[in-house]
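I have placed the structure first, in the form of structure tokens, so that the comments after it can refer back to it.
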Amino acid sequence: METASKPGRDVQPKKARLQTKKKKPRRYWEKEATLTAAGASPGPPRNKKRNRELRPQRPKNINLPKKSRIPGKPQFPKKPREQRNLEPQRNLSGAQDPFPGPAPIPEEVARKFRRIDKSKKLPHSKSKTRSRLEVAEAEEEEISIKAARSELLLAEEPGFLEGEDGEDTAKIRQAEIVEAVDIASAAKHFDLNLRQFGPYRLNYSPVGRFLHSEALFAVAQNRWLHIYDNQGIELHCIRRCDRVTRLEFLPFHFLLATASETGFLTYLDVSVGKIVAALNARAGRLDVMTKNPYNAVIHLGHSNGTVSLWSPAMKEPLAKILCHRGGVRAVAVDSTGTYMATSGLDHQLKIFDLRGMFQPLSARTLPQGAGHLAFSQRGLLAAGMSDVVNIWMGQGMASPPSLEQPYLTHRLSGHVHGLHFCPFEDVLGLGHSGGITSMLVPGAAEPNFDGLENNPYRSQKQRQEWEVKALLEKVPAELICLDPRALAEVDVISLEQEKKERIERLGYDPEAKAPFQPKPKQKGRSSTASLVKRRRKVMDKEHRDKVRQSLEQQPQKQEKKAKPLKARPSALDRFVR
Amino acid sequence: MSTVRAAESLLALSRQEELEDLPKDYPLSPSEDEGDIDGERKHQKLLEAISSLDGKNRWKLAERSEASLKVSEFNVTSEGSGEKLVLSDLLGPVKTSSSLAAVKKQLNRVRSKKTLELPLNNEEVERARTPLEHEVFNILHKNKQPVTDPLLTPVEKASLKAMSLEEAKMRRAELQRARALQSYYEARARREKKIKSKKYHKVLKKEKAKKALKDFEKLQKVNPTAALEELEKIEKARMMERMSLKHQNSGKWAKAKAIMAKYDLEARQAMQEQLARNKELTQKLQAASDSEEEKGSVEEEGELLVPDTVNEIQRDADGPNPWMLRNPFSGPKEAKVQDAEQLLEPVAHEASESKEEERPGAKEDILLNTFEERRALRKKSGLSQDAEPLRKQESEDSSSQEVLSELRALSQKLNKANQQSGKQNMTSLRTVLPVQREEPTEAEEEPLLMQRPERAHTMEELEELGKEGCFQNKEVPRPVVEGQQLERNPHNLPGAPKEKKRKEQMIDLQNLLTTKSPSVKSLAVPTTVEELEDEEERHQKQMIKEAFAGDDVIRDFLKEKREAVEASKPKDVDLTLPGWGEWGGVGLKPSAKKRRRFLIKAPEGPPRKDKNLPNVIINEKRNVHAAAHQVRVLPYPFTHHQQFERTIQTPIGSTWNTQRAFQKLTTPRVVTKPGHIIKPIKAEDVGYRSSSRSDLSVVQRNPKQLSTRHKKQLKKNSVN
């Protein structure tokens, strides 16, 4: 029997936090000294500190995303009207502001929040349209700058283990890490010895729950799917989902996706208790499943080496990727939805790029194929191979994990049967045949949490509020598609269709340019011949313009054709042998 | 009776007009001169009035065909347009729109604001509440200081007004002068234009040309940069000449002359003259001496590999006609490039060396001969090459075929001409090829240098080019076929054109899955419990064996993909009715001709997204449920969906934005203050100031100028 157990969040840190909460918040006019004295900002103990304790000889972490300011040209955003006067304002005391105006925002930071791709050229627009576009662009710029400014509030920074010269971080054992870290973090490392029953699988909720709130969790039992509340009372038994092997919950859609032995992928709407879609994957028993947190697409691994991507709106898979020569054993998708890691029976571990091309970025042959994979919030990849867990790390936040050197390794007392990273904690939970192990992985989790989104410290009241809000903002199931941003595009097909129908209905195209009609002229110049001549003249001119334009574009096109081959080798070049 | 009355009324009108024309400061007694002119004008007006009595009211523009000494200052009036002239119009040359239009514009600006805060004018500023404010207000009022608009104090306004009269007088005098001059010039030009003598014009033109030349020479001495600009202008004129059909044998005159030329010596001469003129006009001015370059070109000729025809035609296609240039082959730049190529390609170098050894000293003669031959050949084979690029584009396929066939013919002839050398080259290349095939990595190491557009050098490659074209059209998705093709032209051929390389960038599925990835060196090799190991390993091995039994996985996947592609293709519609217009009966099939005729071919859809991704099947079906949520109507000012998409790309919700940004994005269009009366919008609220004439028109017309001046004044004040 497969059980999903939920290691409860320790109560201890909460208490500790409450104490810190009562401290008087520091005001900006208070001195620096008090800052250092007050020191610990409210929040859970963070990795950075831990890291310092571990490796005191290195003052700065290479992996830290440095907030670099461009020294050359400070970029000033558009100043609001009030700050038009050039002289720095003097305040009451007569002191002059040494840094007048708003603080400069580094361009890269603002670029992160940019939504409009200005490189795409728009067709020619009228002045009215243009003004609208300008307004939209200015708005977007302002907003991105505002968002960049608010980055300042993300005070915590992730930290990683760093070996001294030549030291392999993979050799550092858990015991050493536990010794080095603070007590609260050390308490998160534990081993539950539960040899009595079979292998264990576990899951963390985005905050610490299983279904949309900790009050509910679903368990797939031998025959049917059961839903329990937090006291262990069975609330529902869903008989339409039978012989379920895997479960995934899509929190924004309130969908519980189940993969069954019978080869069906079923979507259950938890908020109303209805089955939204039951899709036949036509690939036999399904026991490899994961969700893409970015677009809520379900990834299924099959025994013929393919991974198929599913949405409840489509009867067929959105995409099918041939990943391995043997069957697929595990699939994991990172939190940004950019990378997918797969491992197969051919002992290979591959990382795919999910942005449009679905091509492998890197591949490694493991001594023994990985049976379980998991991505952490910051893109660390954990793989469980029989009784060993390997963790790989990427170069930065947005890069795939490099499989060259494992970041950490850990040996368990039993075979791995499930592994999951704990959100907002540097903890990897491992379910194995001998029980459950909670392992410390520095730098795994996102150090800054969004209190409005997933608040680990929320009260019951807040949870209830959140639940109502989340239900109100529930995303319809049919909106799940590969590119969620495509929803912000105009439905061109129906637009054209409607246009066509309108033309048909009216008998003419109301938006078409009216054909040239020569004006009548006096004194016998308006003869039919001259009218025809004039009309032809205009026609010819238009034609000439068109030809000229095409001629102008021709060399550009040729250049375009010629250039990318030379200067920019494709990203897929690496696969050419 | 009526006519007389009309005339009278007109007279009265004109008088009135004059009265208004006079500035108010002027004394109303005109001098004798003016009285005289006035009389003339009245007379003219009367004449006009009488002439316009016959129904058609023709306004005749007052124009002077000859320059006269006496230029009435009142002649500058806008008599034609029938408007009154006001002093302020003379003062401000920049036309202002009517007040209504201005207000409208301002109102529109208000309307286009994203949020409108009402009431518009902040009267709170004026309203004094506290006693202190009252006092300040009183003082300001007493001293005639501006309370709201600090641009000019009333005193300053008054002073400006006082100044304006003299200025205006000077300005008017200047304007009058300019207009008089212009009228002289216009009259002269009109007179000259009327002269019908061709000879006169010819002489005039020549004179002008001479003068221009002289000027240019002078300019060259005095100001070389300006001369350069002038030179550029001349160059541009040359270009225009080249573009136009002037001085070519296509005009009416030229055609007539061409007919006559057979019999008439003069006509012949005239034609030749014209052609010479054309040549002269289209001749490029070249400063550098050509001898060196020519040498270079000749040398390079020697180095060039095999039939130059190949290269030449390519050049024809994309550059200007080489025969029009003085040195048909390349400037110094290209020579350099050639050198670089030589360095890069040892093979080519060898070949060229062998060629050079073979060739006797009289290379140049042969070259010249070959040129001649080629020219003749090209003339024979029609105009297909030097056709305009447009036509080329239109009929690319056919023209390319033609070019190919022609190429073959040409190069064969050439081969015959210099058999030995050609053969030698071929053989040498052939011998080298396999060697290159064995060392692809070397070639790959210098892709940046190698990948410049290269020309096909050998006949085989040319043929392969043709084949390639066929393949490209077909686009076979099967990797098997691809592999064959790979075999045939391994992509590291030295002269392989780019298309080949690009083609091979399509990922080979076999490679993708079977390439050995480096294995991970893990510290902790998983130890397995013995029994488990036995069991599991056996199990796994069996599974792996199953998986690797053949290329089943790949083959199945490819099959699946092919099916998916087929299914997604639009289907042809077959409208044939068996037995219609033919014999009917069992076992009879409609003829192929009929089937072809009634088969409606479905238009080819856009290329599949997974066309070049062999390991992926992407579903091309539309998500209808999601499409229901998409926008399907373009709102008003947008004409294209891309424009609209750009405006809706930024999310508005607080989930994606900071609180401030969210608030700003969602502010209502009209914001009102509670407890405030909202009055109808006045022009003043919008920023428009009425009473443009009475109140300092100068300030209104060009506020920039004055404001700067005013600033200066302010500065002075502050300094003092």
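Things to note:
- For the segment A:167-176, counting C-beta atoms of other chains within 10 Å of every residue's C-beta and taking the mean gives 1.
- Here r is the Cβ-Cβ distance between A:Ala488 and B:Phe598 and R0 is 41 Å; the resulting FRET efficiency, rounded to 0.05, is 0.40.
- Per-peptide average of other Cβ atoms within 10 Å, ordering A:436-445, A:470-479, A:122-131 highest first: A:436-445, A:470-479, A:122-131
- Expected-Rg normalisation [2.2 N^0.38 Å, Cα atoms] applied to the range B:151-257: 1.93
- The packing ranking, built from the mean of other Cβ atoms within 10 Å per residue, places the peptides A:325-338, A:300-313, B:182-195 in the order A:300-313, A:325-338, B:182-195, highest first.
- Projected label points at B:Lys218 and A:Ser119, each 7 Å from Cα along the beta carbon direction, are separated by 5.6 nanometres.
- Average beta carbon contacts from partner chains per residue of A:357-365, 10 Å cutoff: 5
- Sequence ranges B:201-212, B:239-250, ranked by mean other-Cβ count within 10 angstrom, highest first: B:239-250, B:201-212
- Extreme residue, positive dipole direction of the range A:426-577, given options A:Leu471, A:Gly451, A:Gln558 (C-beta unit charges): A:Gln558
- Percent of Cα pairs exceeding the 20 Å cut-off, where the set is the range A:159-298: 59
- The Cα-based radius of gyration of the range A:149-193, divided by its Kirkwood radius, gives an Rg/Rh of 1.12.
- Approximate spin-label separation A:Phe516-A:Glu137, in nm, with each point projected 7 Å along Cα-to-Cβ: 3.3
- Cα-projected label distance for A:Glu234 with A:Leu471, points at 7 Å along beta-carbon direction, nm: 2.5
- Counting Cβ atoms of other protein chains within 10 Å of each residue's Cβ and taking the mean over peptide A:406-415 gives 2.
- Using R0 = 41 Å, the C-beta based FRET efficiency linking B:Ser99 and A:Glu504 works out to 0.30.
- The residues of the range B:585-621 listed by number as losing at least 20 Å² of accessible area in the complex, against the isolated chain and with a 1.4 Å probe, are B:Leu613, B:Asn615, B:Val616, B:Ile617, B:Ile618, B:Asn619, B:Lys621.
- Protein heavy-atom accessible area occluded, A/B pair - total, 1.4 Å probe, Å²: 8400
- Gyration tensor over the Cα atoms of the range A:355-511: the corresponding equivalent ellipsoid has semi-axes (square roots of 5 times the eigenvalues, largest first) of 45, 25, 14 Å.
The values are calculated or read from the model by the stated rules, or taken from the named source; none is laboratory data. What you see is a predicted model; the values in this text were computed from it and never measured. For neighbour counting, all protein chains shown are included, and Cβ atoms are generated from backbone atoms with ideal geometry for every residue, glycine included. These area figures cover heavy atoms from the full protein model, side chains too; ligands, DNA and RNA do not enter into them. Shrake-Rupley method; radii C 1.70, N 1.55, O 1.52, S 1.80 Å.
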